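Structure record follows, encoded as structure tokens.
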Amino acid sequence: MPDERAAALAALAVEIEACRACPLGSQRTQSVPGEGSPNAELLLVGEAPGAHEDAAGRPFVGAAGKLLDLLLNLIGLQRPQVYVLNVVKCRPPENRDPEPTEIAACAGFLERQLALLQPVIIAPLGRHALRAFAPEAKISETHGAPFQGETRQTPAGTTLFPLYHPAAALHNGALRPTLERDMGALARALPAARSTWRVARGGAGEASLSEIEAAAERDQLRLFESEAQ
Ligand code: SF4
């Protein structure tokens with residue numbers, strides 16, 4: 001199952017690279033479909049690729065990405081153990097906000113990624129990404145705790161846990177301690193989120209979570225092996 005999920009995500013990335021369904025497709029250097037462990041419990045969602053991501057074809061590779069890595073390290077996670085993607089897969093020119101029509105054109109890819117990944121927690125990073133899951137929510141009021149209101153696109157049993165965007169903490173250093181506290185709160189919320197996830201999936205959920213945990217252990221092993229080389 002995890003291998004099938006990885007293959008389906010890779011096939012989706014090929015479709016995304018070929019997509020020209022909105023004007024961003026002809027303006028970007030390369031698409032940024034997302035990356036990480038197909039078995040990740042934690043999915044981090046940004047708004048759209050920036051210049052560094054557009055050049056690399058990978059999400060969160062600039063200064064904000066480095067801070068994201070540090071924040072993950074705080075709770076004992078490394079990037080290969082989570083999955084990171086954006087709501088919109090191609091870079092808007094000059095890093096402008098994506099237009100509603102562009103978000104709508106790309107929504108099918110996000111929907112299919114969520115259906116494949118079925119994460120325990122989705123952490124939208126910043127207000128724009130949060131809007132894709134909870135259009136009326138404010139990041140200033142909802143960050144750092146499991147979201148309690150109505151959501152859309154969130155798979156059954158998945159907990160939405162909004163966080164400030166790491167770039168916001170780079171612009172405003174006062175937000176960094178908040179982000180660090182919020183990451184700690186996310187780690188503490190994980191056991192309850194796992195229970196909710198299991199209940200939503202019944203017996204099948206138990207089976208898939210065991211598969212995910214086993215695969216996550218394999219990912220961790222690979223990580224240690226690659227670091228040892
Ligand atoms: S942003 Fe999304 S919909 Fe627009 S071209 Fe890129 S992949 Fe296609």
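Where a number appears in this text, it was derived from the coordinates with a stated rule and is not lab data. All values derive from a computational prediction rather than experimental measurement. Because the Cβ atoms are built from the backbone with ideal geometry, glycine has one as well, and the counts that use them run over all protein chains shown.
Which FRET efficiency value, to the nearest 0.05, is calculated for residue 101 and residue 51 with the Förster distance at 22 angstrom and r the Cβ-Cβ distance? All intermediate terms of the calculation are to be shown ahead of the outcome.
On the way: r = 22 Å, r/R0 = 1.01.
Step by step, r from the Cβ atoms, then E = 0.50.
Among 186, 170, 160, which one shows the highest mean-square fluctuation when the chain is modelled as a Gaussian network with alpha-carbon springs under 10 Å?
170
Going by how many other beta carbons lie within 10 Å of each one, how would you line up 196, 29, 101, fewest first?
The fewest-first ordering by Cβ neighbours comes to 101, 29, 196.
So if the hydrodynamic radius of the range 71-187 is defined as the Kirkwood radius over C-alpha pairs, what does Stokes-Einstein give as its diffusion coefficient at 25 °C and 0.890 mPa s, in µm² per second?
For these conditions, the coefficient is 164 µm²/s.
Restricting to bridges with both residues inside the chain, how much of the DSSP beta-bridge set is antiparallel, in percent to the nearest 5?
Of the beta bridges lying entirely in the chain, close to 15 percent run antiparallel.
Quick one: Cα convex hull volume of the chain, Å³ per residue?
On the way: hull volume 27.5 nm³, N = 229.
Roughly 120 Å³ of hull volume per residue.
Kindly provide the GluC sites (Glu not before Pro) of the range 102-158 that DSSP labels as loop, not H, G, I, E or B, and whose Cβ sees at most 12 other Cβ atoms within 10 Å.
Filter output for the range 102-158: 136, 150.
Can you pull out the trypsin sites (Lys or Arg not before Pro) in the range 13-69 that DSSP calls coil and that have at most 11 other Cβ atoms within 10 Å?
20
Where is the GNM fluctuation largest for the chain (alpha-carbon springs, 10 angstrom cutoff): 86, 172, 73?
172
³J(HN,Hα) across the range 37-53 via Karplus (A = 6.51, B = -1.76, C = 1.60, θ = phi - 60°), whole Hz, x for Gly/Pro?
7, x, 9, 4, 7, 10, 10, 9, 10, x, 7, 7, x, x, 4, 5, 5
With only Lys, Arg, Asp and Glu charged, each at its Cβ (+1 for the first two, -1 for the last two), find how big the charge dipole of the chain is about the Cα centre; round to the nearest 20 debye.
Using Cβ point charges on Lys, Arg, Asp and Glu, the chain gives about 340 debye.
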